[in-house]
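Visitor: Okay, handing you the structure first.
Rule-based calculations on the coordinates, nothing more; no lab input. These figures come from a predicted structure and were not determined experimentally. Virtual Cβ from ideal backbone geometry, glycine too; neighbours counted across all protein chains shown.
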Amino acid sequence: MKHRLERRYGLGHLHFITCSCYRRLPLFAAQRTRDIFLRILSEVRDRYDFGLLGYVVMPEHVHLLITEPNVGDPSVIMKVLKQRVSRAVRQRKKSAATGQLRLWEDHALKRYAHFWQRRFYDFNVWSVRKKNEKMNYMHFNPVKRGLVERPTDWEWSSCRFYAKGERGPCPPNPKWEYRKREARTFMNQNVRHPRALA
C-alpha cells in the first residue's frame, strides 16, 4: 500500500509550497512562461482569496508562501493553478505559427505529456522565524543558482516588492485578512530581510 500524503490545514499556519516541472525540466526557462505563471497566480489568488506573502519562479520549479484561503484550501488552489498554467502555456504553443523557430523549452513542452510533476510539497510554517527563513530562502534562490548577482535582480520573485516597493505582475498582499474563522496566524508580523536586500 502506498504511503498517503497528509496535508495539515485549518491550523492557521502559512504554507511554504514547492511545485516542480515534469522531471525537473526547465519549462520556466523562457520569460514568457514565467510571466504567464505570475499572471495566472494573481488571478487564482483573487478568485480563492488567499494571502500571498512571497514567491519565486525558477526555471524548473516554483516556491510560494501562502495563507490558507477564504475559499477552498491550499490543495484546491494548487490544483487550479497547475491546471490553468499548463493549459495556458500549451495553448500558446498551439497558436504559434508553424514556420516559426521554436526554443528548446517549446520542444520539451511538445515532447512531454505533462507540464508539472505530480503533487506538490507543502511545509507548514508555524513561527515568525520559519516565515523569515522561508522568505529569505526564496529570495536568495536565484542568487544561489547563479542566475543573478543580487536577489533584487530576479524579476520573478517577491523580493523587489519588499526591497524596492515594486508591485510587478503579481504583488504580494501582506495585509490580507483571514475571514473564514478565527485562526492564529503569523502573516501580519514583520518580515526581516538581510541587509543585502536593502
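Visitor: Residues in region 14-34, backbone N under 19 Å from the label point at His114 (7 Å along the Cα-to-beta-carbon vector): list them, ranges by number please.
Guide: Answer for this model: 17-29.
Visitor: Ranked from highest to lowest mean number of other Cβ atoms within 10 Å per residue, what is the order of the peptides 57-68, 126-137? Walk me through the numbers before you get to the answer.
Guide: Details: 57-68: 22.8, 126-137: 17.1.
Ranking, from highest mean packing down: 57-68, 126-137.
Visitor: Can I ask one more? Compute the length gained on full extension between Ala88 and Arg47: take 0.36 nm times their separation in residues and subtract their Cα-Cα distance, giving the result in nm to one decimal. Don't jump to the answer; show the numbers that get you there.
Guide: Values: separation 41, 0.36 × 41 = 14.76 nm, distance 1.72 nm.
Gain on extension, Ala88 to Arg47, equals 13.0 nm.
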